[in-house]
1. Would you be able to say whether some residue in the stretch 58-74 is out of contact with any His (no Cβ under 7 Å at 6 or more places or on another chain), assigned to a loop (DSSP other than H, G, I, E, B) and among the aliphatic types (A, V, I, L, M)?
2. Across the stretch 111-125, which residue is farthest from G76 (Cα to Cα) among those that are over 15 Å from the mean Cα position of the chain (by Cα) and modelled with pLDDT of 95 or more?
3. Mind counting the residues in the stretch 77-91 that are surrounded by 14 or more Cβ atoms within 10 Å (Cβ to Cβ) and assigned to a loop (DSSP other than H, G, I, E, B)?
4. How about the stretch 55-76: which of its residues are of a type in the set (S, T, N, Q), buried (at least 24 other Cβ atoms within 10 Å of the Cβ) and out of contact with any helix residue (DSSP H, G or I) (no Cβ under 7 Å at 6 or more places or on another chain)?
5. Touching a residue at least 24 places away in the same chain (Cβ under 8 Å) and under 19 Å from V198 (Cβ atoms): which single residue out of V48, V112 fits that description?
6. Can you pull out every residue in the stretch 100-129 that is touching a Ser or Thr at 6+ places or on another chain (Cβ under 9 Å) and of a type in the set (F, W, Y)?
7. Got a number for residues in the stretch 14-36 being out of contact with any helix residue (DSSP H, G or I) (no Cβ under 6 Å at 6 or more places or on another chain) and modelled with pLDDT under 70?
8. Name every residue in the stretch 92-121 that is among the charged types (D, E, K, R) and outside any helix (DSSP H, G or I), in order of residue number.
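The values are calculated or read from the model by the stated rules, or taken from the named source; none is laboratory data. Remember, it's a predicted structure, so these values are computed and weren't measured experimentally. Here the Cβ positions follow ideal geometry from the backbone for every residue, glycine too, while neighbour counts run over all protein chains shown.
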Amino acid sequence: MKLAQRVQNEVRALLRIFGPGKIKEALWDREFADGEWAFLDETSHDFVYTIIEKWACGGSILDLGCGSGNTANELGPGAYKNYTGVDISSIAIERARARSASSARSHKIHFVHSDVLTYVPAGEFDVILFRESIYYTATNKIRPLLLRYAKYLGKEGVFIVRIWNTKGRLRKIVDLLESHFEMIEKKASPTSSSLVMVFRTRRDC
């Protein structure tokens, strides 16, 4: 990879995490419009789905960083009774809504164009999901973010975080979650370095 391209990619990666909301929105919109995330449009064999279905128990799911809606539409039809997906990209949300209409699920799916850092849910959920999205928040803001969202978990509700590997900065995020939250289940992918973590806040949080 040429040096200029490498630098550009590193700058974009930093902007996704630390950039102001409007800049992040514009960046994600451009990337979705250019098809850079099209490879994620079909993920029906992902091992995360059995875990989500287990903990959702046909209830309610809040998907933070939902992208173009593959999770909402690839889960089994009885996996949830209502589903809210939130994403900073308006283009991703438009595609998610179109996909849900095509799959005849629009009646129980609600997509919201908003920044996960500032979004305020309207109700409680059985699962709050960060599927490959938690690391687009600065590491020092992750715990406060989760504690804020914990107020919107039902009595037996859980967070589910899927992370694509456990190296470098992502290892630090895994360590943070294990140190500050009650870990209920951890499962590694049988075919990749991905990890799914299921957890709740501790009583002393």
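1. no
2. Pass one, the stretch 111-125, residues over 15 Å from the mean Cα position of the chain (by Cα): 120, 122-124.
Of the ones still in play, those that are also modelled with pLDDT of 95 or more are 120, 124.
Values: V120: 27, E124: 21 Å.
Looking at the filtered set, the residue picked out is V120.
3. 4
4. Just the residues of the stretch 55-76 that are of a type in the set (S, T, N, Q), to begin with: 60, 68, 70-71, 73.
In the following step, the residues that additionally are buried (at least 24 other Cβ atoms within 10 Å of the Cβ) were identified as 68, 71.
T71, the sole residue that qualifies.
5. Testing whether each residue is touching a residue at least 24 places away in the same chain (Cβ under 8 Å) and under 19 Å from V198 (Cβ atoms) leaves just V48.
6. F111, F125
7. 1
8. R105, D115
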